[in-house]
Amino acid sequence: MITGAHVRSHGVRLRGLATGLVAIAMVSGLSACGSSSSGGSAAPAGRPLVGLFRLTPGRAVGAHITGTWFRMLQPNGTVAAGPYMVNANSHADGGRVTLLKPGTSGGLRTAGYQTQPKRAFDSGGNSLANAIVAPTEFFGVRFSISTNEFDPQTKTKVPPPTVLDDNGKLTANLAAWAASWNKQNFNQGAPKPVTGTGANAPGQQDAERAFDWVSHKFLGGAPKATVTGDGATGTYDATTGAFVLTWTSHIVGGPFNGFTGLWHLEGVFEPGSASPTGP
């Protein structure tokens, strides 16, 4: 079992980030602590992109990182200057970047869920979720991603992922983005779910159903009132389908309490339907 002390014993080297990360900070407009502000801003504009955001595998050539990847910012650090946690199982950027590969679905679906399996972990604590990204080693234990009707950590009912395109500028509600590692769940969404109270948010009972592409059944949707803070942002080329989505998300609980995840999804959007039988 890996503990917080074990993880921190690997240490982290201070180092300035590449220009690409500075660009991420500018694009996302988020603080180092991620999505923590209260709601109330105007609803984002744009047309919904419904389908599959097919992920390009992460790749490192020297200090140049492309594709899909993840970083973990240490407490009190900044996106531009770090310091970042060094993953002992990664070679990219000296371990400061963890490269990700697409899962069995090829990437992230919008307007529906890709839930974690009922048996979420094996006996070693490795995540068994494999639809969005392939389980990836992080300090000897594989983590992965799922999107769920009820966030596994906060127990809050959250909406399925949505992405809006406003003339090439993307805004996304990825509140359902959940990381699972070492028999623990960490919400890494943007905006962040509000901790569940058991009460229905306004309009929740009337929310539309959403399809789960893992269990192949319909689940109830959820309103935006159950999340808070900023969402993910990015860019989209309607001609080629090329997209980039980035965001930061504060980690609460477990050995990484107070750290911040920085996520970078890159690939090609493939238009589709919200379910196998519907629009």
Inset, instruction - State the number of residues belonging to region 79-119 that are surrounded by 17 or more Cβ atoms within 10 Å (Cβ to Cβ) and either among the aliphatic types (A, V, I, L, M) or not in a loop (DSSP other than H, G, I, E, B) (or both). - result: 21
Inset, instruction - Residue by residue through region 238-279, note down the ones that are within 24 Å of GLY46 (Cα to Cα) and of a type in the set (Ser, Thr, Tyr). - result: THR239, THR240, THR246, THR248, SER249, SER273, SER275
Legend entry - Tally of residues being within 30 Å of ARG96 (Cβ to Cβ) and either at pLDDT below 95 or surrounded by fewer than 16 Cβ atoms within 10 Å (Cβ to Cβ) (or both) across region 257-276: 2
Legend entry - Residues of region 59-78 classified as free of Cβ contacts under 8 Å to residues at least 60 places away in the same chain, touching a strand residue (DSSP E or B) at 6+ places or on another chain (Cβ under 6 Å) and in a loop (DSSP other than H, G, I, E, B), total: 0
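Please indicate, with yes or no, whether at least one residue in region 93-103 is closer than 30 Å to SER273 by Cβ, hydrophobic (A, V, I, L, M, F, W, C), over 15 Å from the mean Cα position of the chain (by Cα) and modelled with pLDDT of 95 or more. Give the derivation first.
Filtering region 93-103 down to residues closer than 30 Å to SER273 by Cβ leaves 100-103.
Retained after the next criterion (residues that are hydrophobic (A, V, I, L, M, F, W, C)): 100.
Filter once more, so that each one left must be over 15 Å from the mean Cα position of the chain (by Cα): none.
Checking region 93-103: not a single residue is closer than 30 Å to SER273 by Cβ, hydrophobic (A, V, I, L, M, F, W, C), over 15 Å from the mean Cα position of the chain (by Cα) and modelled with pLDDT of 95 or more.
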Legend entry - Pairs where the first residue, in region 171-196, is at pLDDT below 95 and the second is surrounded by fewer than 24 Cβ atoms within 10 Å (Cβ to Cβ) and of a type in the set (Phe, Trp, Tyr), C-beta under 6 Å, 6+ apart: none
Inset, instruction - Would you check which residues across region 56-78 are surrounded by 16 or more Cβ atoms within 10 Å (Cβ to Cβ) and among the hydrophobic types (A, V, I, L, M, F, W, C) and list them? - result: ALA60, ILE65, TRP69, PHE70, MET72, LEU73
Inset, instruction - Go through (1) β-branched (Val, Ile, Thr); (2) at pLDDT 75 or above; (3) under 19 Å from the mean Cα position of the chain (by Cα) and name the single condition VAL27 misses. - result: (2)
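Tally time: how many residues in region 96-125 are free of Cβ contacts under 8 Å to residues at least 40 places away in the same chain and of a type outside the set (D, E, K, R)?
If we filter region 96-125 for residues that are free of Cβ contacts under 8 Å to residues at least 40 places away in the same chain, which is where we start, we get 97, 104, 118-119, 122-124.
Then drop every residue that is not of a type outside the set (D, E, K, R), which leaves 97, 104, 123-124.
The total comes to 4.
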Inset, instruction - Check THR246, THR235 and return the single one that is touching a helix residue (DSSP H, G or I) at 6+ places or on another chain (Cβ under 6 Å) and polar (S, T, N, Q). - result: THR246
Legend entry - Residue that is farthest from TRP181 (Cα to Cα), among those in region 120-149 that are among the aliphatic types (A, V, I, L, M) and part of a strand (DSSP E or B): VAL133
Inset, instruction - Within region 224-250, work out how many residues are modelled with pLDDT under 95 and part of a loop (DSSP other than H, G, I, E, B). - result: 3
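The values are calculated or read from the model by the stated rules, or taken from the named source; none is laboratory data. Because the structure is a prediction, the values reported are computed rather than measured. Reconstructed Cβ throughout: ideal geometry from the backbone, glycine too, with neighbour counts over all protein chains shown.
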